Every structure is written in C-alpha cells, then in structure tokens.
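First comes the structure, then the notes that go with it.
Just so it is clear, none of the values below were taken in a lab; they were calculated from the coordinates. Quick caveat, the model's predicted, so the values are computed rather than measured. Positions of Cβ are backbone-derived with ideal geometry, glycine not excepted, and every protein chain shown enters the neighbour counts.
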Amino acid sequence: MVERGALAWRRRWWWTWSQCSGVGVQRLRQLDQAFGGLEQAWGAPAAQLLALPGIGPGLIRAREQLRQRLDAVPLRCPPRLLLPLDVAMPEALVALATPPLQLHWRGHGSLWAVLRRRRAVAVVGTRRASLHGCHWARLLGRSLAQAGWPVLSGLAEGIDAEAHRGCLEAGGQPVAVLGTPLERVYPRHHRDLQRQVAHQGLLVTEQPTGAALGRAGFARRNRLLVALASAVVVVECPSRSGALQAAQWAQHLGRPVWVVPADANRESAAGSNGLLGSGAQPLLNPRQWLQQLGVEPQALAQPTPPEPFPHPLLELIGAGASFEQLLQRSGQSAAALSAELIELERSGLLEPAPGLCWRPRHNGLL
C-alpha cells in the first residue's frame, strides 16, 4: 500500500498544481525535477521558483492565490481522471509536443488499454455533410465495429456523428474525443448520442469541468484524436475544415490517411479530394480496406486482462478493503464514498466481497 499511497499523493499534487493558470505538462515536469517533487515545489520560496528558466511572477501569483484557498492541503483528484504520470495514459499522448495536462473521461475505462495500443481508427469530416458523406461515414462506423475496431471521432455534427451512429448500430465501441467539458453537449441535440457513446464506449476530453466553450478546444482535440488512432479516414470535407487539420496531424505523427473520393465538383469534398494528391490513399471498398490496415481485425475483439487504472479508490483498495478501511484511508464522507463505490461497480472495475468489502474486478471488458 505504500507504493499505491505514494502514487495517489503524487497525483493529488499534480492535480493541485494544474489548477494554476498557465501551467502545462513541461512546466510541472520542470518543477518536479528541480525540487524533487511537486509537494516540495509548492512550499518553495518565490525566489527559488523565479530562478528557474521560464518562470515569471504570474506563476508565483497563481500559486499564492491557490495556496490561500487551499490552506496548504492538496486538492483531491476527481473520479475518472487520467494524468500524464498514470500508467494508463497512452504513450502516444505523452509523446506529443503539447501533451494533455489532464484527461477526464466517462464510460468504459477498460478501453484505455486498447487506446494505449493504438487499436482504434479515427473517422473525421465536415459538419455539413452530403448524403453521400453521411452514408459512407455510417457504413465505415458499422464496418469497423463489426471487425472489432473501436471508432474514434469528435462527436461533431455530420460525419463524426454518423460514424459513431454506425458503430453503435453494430454493437461496437465508439470513442469520442470532445472539445468541451464532459458536462457540456455540443451540438445540444446530440445529448442522446453522447449518452449512448458513454454507455457503450468512452467519452474523453482535456477540458475540465466548467471550462468555457471555444474554438481552441475543438482545434486542440484533433491532436489527441489522431495520436490515439492507428489510422485516419477523411470521409468528406471542404477546403477549409477541421478535418484537414486532423489529416495534417496524421501526416505529422506518421499515421496513414485514407480518403473516400467524391464528385470533383462537390464543394463539400474539395478538401478531402485534395488530400488524394498529397499522399492520402483512396478508400473504395470497406472490406478490402480493413484488410489493408495491417492488423487482423478480429483479434482486437478478443478479451484481454485490463491494465490497472489509477482511480484514487482503486489505489486505496489494493487487493481488497472494507468500507471502514476505505473511510479511514480516503478521508471522505460515507455518502461520497458510497457513491464512488457504486460508480466503480457499475463501470465494471470493482466487485463486492463478503463482509461489506470490495476488490478489483478482472472481467475482460476489452
């Protein structure tokens, strides 16, 4: 339990520092290395912080304001939070030039093991899709799901939504990378679709609760979407589109790009058709295309033991713990602890044991 407790403590200090405005992953790594831990950096004199390259008065002010609010006690990590220091965080995300400071998620946590192995395909395109584009997006979502591939997309209007609907129809596992906090639905009429994705697959965002809705959030999520993917399919998009940014990220990260060709006179496909002249491959037959992905798709659907997930309660439970033990270890109220235990049990990560105890469940949800 000492090692698990140490990780939980490190996570709490990472989460606390992340509440300071202007702090990113590289800055936290710098502070951690310079002071031998983020807890030590939290209590370091301002002069020592200012002596580090790139740190200015703004960070000092942000730390002091937060310290006054917290009274030197680190914040408790929210449930369903993934941090760069967690073993479940996909290495492809950590390796980005601007890795996510935090990831909030809802749904099947066991899918993180699949995403760590980049066993998912991204399907992207325009919000104002034609009937041709919508048909192909839905067809690809179904085809990928039937072959055992999770379908990555942004849950936006048009191509993204149709790809996820096709995946859901085939009983697959959709993964939506959002440009909004989890509690926001954009567009609003996607409320039921977002709920279905969370129930059957996974919702992921780097936007914390309460974050403002803005264009930057939607643009930045493209790097996460592509980094998690084994390949990217652009179904349909005009000359100016976020889908083209996703294609650029794919080329930068070395992910293969496929394009569904469309009528040369179709304005909504001018951007995607243009990719065919810059190294993207045409996708004409879903069955043949699935064979070209380079991995035997059906093997992906086979259950594998889930990797340990760093939910704070899982760290405290270890191999098993009673309700009373968890009350003492977590410092939570009985009501709050009960709510989290129920949520973890519903997610398939915990199972009850005799004597009002809980233990991790290894049920092969993958």
With T = 4 °C, eta = 1.567 mPa s and Kirkwood Rh from C-alpha pairs, the Stokes-Einstein D of region 192-251 in µm²/s is about 98
What per residue convex hull volume, in Å³, comes out for the chain when only alpha-carbon positions are used?
-> 145
Report the relative contact order of the chain, percent, no decimals, based on alpha-carbon pairs under 8 angstrom and at least 6 residues apart.
-> 15
Most to least packed among 131-137, 39-45, 159-165 [average Cβ atoms within 10 Å] | 159-165, 131-137, 39-45
Can you give the % of DSSP beta bridges in the chain that are antiparallel, to the nearest 5?
-> 40
Between region 31-57 and region 107-178, the alpha-carbon center distance in angstrom | 43
Sorted by average packing, counted as other Cβ atoms within 10 angstrom per residue and highest first, what order do 176-182, 277-283 take?
-> 176-182, 277-283
Would you mind pulling out the separation of the Cα centroids of region 8-23 and region 200-252, in Å?
-> 25
Out of Leu213, Leu115, Leu356, any idea which swings most in a Gaussian network model of the chain, alpha carbons joined below 10 Å?
-> Leu356
Crossing angle, helix 215-227 versus the chain [Cα axis fit, 0-90 degrees, rounded to tens] = 80
By average C-beta atoms within 10 angstrom, highest first, the peptides 105-113, 14-22 | 105-113, 14-22
If you take the Cα Rg of region 121-181 and divide it by 2.2 N^0.38 Å, with N the number of residues, what do you get?
-> 0.98
Could you work out how far helix 131-146 tilts from the main Cα principal axis of the chain, as a 0 to 90 degree angle to the nearest 10?
-> 60
